[in-house]
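The values are calculated or read from the model by the stated rules, or taken from the named source; none is laboratory data. Because the structure is a prediction, the values reported are computed rather than measured. Every residue, glycine as well, gets a Cβ built from its backbone with ideal geometry; the counts of neighbours run over all protein chains shown.
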Amino acid sequence: MVDKRMHLGWFTNFTLNAWNTPWGSGSGPDWTGGFYVDLARALDRACFDYLILEDTCMVPDAYGGSMHAAVKHGVFAPKHDPVPLVPLIAQATEGLGVVATMSTTFYPPFLLARLATTLDHICGGRFGWNIVTSAEDRSAQNFGLEKMPEHDLRYDIADEYMDVVCQLWDSWEPDAVVLDHETGTYADGDKVHTIDFEGKWYKARGPLNTAPSPQGRPVFVQAGASPRGREFAAKAADSIIATATGLQAMKAYRDDVRSRMQLIGRDPDDCKVLFLVSPVIGETEEDAIEKHRTMTTDPAYIEQTLVSISSISEIDFAQFELDEPLPTVTTNGERGSLEKFAQAGSGKTLRQLASEGVSQSVILVGTADSVAARMGEMMEEVGGDGFLITRQNLRLTREYIATITDGLVPALQRRGLARTEYAFEHFRDNLREF
């Protein structure tokens, strides 16, 4: 019997989240992390594969040449460091993978390798690393750099970075820890090695001074969208964050990265491609349509979208007319996100593009049952592997979480499209279950 189940993830960041809406916190966000622990508990009950915590390191000023719109709406700032949230979430959940974003540009390799090993221990083998190179010059300037390296060069550097950290994780052989009480030997010194790495950009002696983690290395998550990004993701990723406009583009993207994996000798089934979506669930079809219309025509929603895409592309979208087609634009920033947003050749106005949001692959609006049925049909056409749920523009509330975890997911489970329990203890094993 063919296993029709799809993998499910959730994409968010440690930020404001609907603080000034009727379902928000009213006086402001909870910076203790309690909201995210509650989110993780709900995802754990619904047997999601993972929660990913996105991150950037700047207050953007690309939109209108000023920080005003970004801080007014809380887009990209304030945004707290996701790494300290990871142990809190892991302690409150049983099977959920927890993925934190850390940049190859800003973390020294030894520091990241050691930190990831520690987190995988604390999480009991459920930690994942979202590998980003970072794309914004404003972030670079917070770390003593004038600007980011050229787009493809960032990936060349990241390739070497991955070589270093993987060698560090392998610097202790799997059976190095012997715990021999008779001889008083904790670990076999013959099985702990320096790596003596010296490359073009990095140099590290090793070994790590942490014990091997439950998974050996964290689960790798990556969002390669450009051709060079796809090459990197095909080589490294256990799961890929994907955006594409429509089913045909989704299938083409998945087929492309899987063919790249085959060319380098990887089993494509070892990497799960999850497409970003923001389902809008209503009690009736009409209710859902009205919810979606109200949100996407809100002027604040439109401006927040434009601030967001300006921030990650470093293009000032305030310079363009809202009700005119968007002209051709290029960037050294996040090219995949820009390509997805701009939809070159579509003839859509900037307002129309902004109403669709930055990261939705398809629009999913309806009842829990109709959306679940549609998701199943989409995966059959695309070929797999699942979806990464996100909530556009700071509108993540407990109400929205419940519509997904207590409405949509049960509808998927009734159709045999989602797991009802975790089969394994470790994150990577659950990803590869089906």
- Does region 398-434 hold any residues that are assigned to a loop (DSSP other than H, G, I, E, B), surrounded by fewer than 16 Cβ atoms within 10 Å (Cβ to Cβ) and not basic (Lys, Arg), and which are they? Gly416, Thr420, Glu421, Ala423, Phe424, Glu425, Glu433
- Message: Of everything in region 47-68, what is under 17 Å from Arg391 (Cα atoms) and assigned to a loop (DSSP other than H, G, I, E, B)? Give them in sequence order.
- Response: Phe48, Asp55
- Say whether the condition of being at pLDDT 90 or above and in contact with a Lys or Arg (Cβ under 6 Å, 6 or more places away or on another chain) is met by at least one residue in region 283-298. no
- Among the residues of region 114-127, which ones are of a type in the set (Val, Ile, Thr) and buried (at least 19 other Cβ atoms within 10 Å of the Cβ)? Thr117
- Task: Please verify whether region 74-83 includes one or more residues that are in contact (Cβ under 8 Å) with a residue 40 or more places away in the chain, within 19 Å of Gly124 (Cα to Cα) and surrounded by 17 or more Cβ atoms within 10 Å (Cβ to Cβ).
- Result: yes
- Query: Within region 16-38, can you find the residues that are hydroxyl-bearing (Ser, Thr, Tyr) and modelled with pLDDT of 90 or more?
  - Reply: Thr32, Tyr36
- Taking the options Arg228, Arg266, Arg260, Arg293, name whichever one is in contact (Cβ under 8 Å) with a residue 12 or more places away in the chain and more than 30 Å from Pro174 (Cα to Cα). Arg228
- What is the residue count in region 163-182 for residues that are under 30 Å from Arg335 (Cα atoms), surrounded by fewer than 18 Cβ atoms within 10 Å (Cβ to Cβ) and of a type in the set (A, V, I, L, M, F, W, C)? 1
- Message: Given the criterion modelled with pLDDT of 95 or more, closer than 26 Å to Arg395 by Cβ and surrounded by fewer than 19 Cβ atoms within 10 Å (Cβ to Cβ), identify the matching residue among Leu96, Leu88, Leu111.
- Response: Leu88
- Note on the structure: Taking region 128-140 and keeping only residues that are surrounded by fewer than 18 Cβ atoms within 10 Å (Cβ to Cβ) and modelled with pLDDT of 95 or more, one is left with none
- Message: Checking the structure you have, find out if any residue of region 190-203 is buried (at least 17 other Cβ atoms within 10 Å of the Cβ) and of a type in the set (S, T, N, Q).
- Response: no
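Quick one: how many residues across region 247-288 are hydroxyl-bearing (Ser, Thr, Tyr) and surrounded by fewer than 19 Cβ atoms within 10 Å (Cβ to Cβ)?
Here the count works out to 2.
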- If you take the residues in region 298-330 that are free of Cβ contacts under 8 Å to residues at least 60 places away in the same chain and under 25 Å from the mean Cα position of the chain (by Cα), which one is nearest to Gly64 (Cα to Cα)? Ile309
- Quick one: is Ala204 in contact with an Asp or Glu (Cβ under 7 Å, 6 or more places away or on another chain), among the hydrophobic types (A, V, I, L, M, F, W, C), modelled with pLDDT of 95 or more and more than 26 Å from Glu334 (Cα to Cα)? no
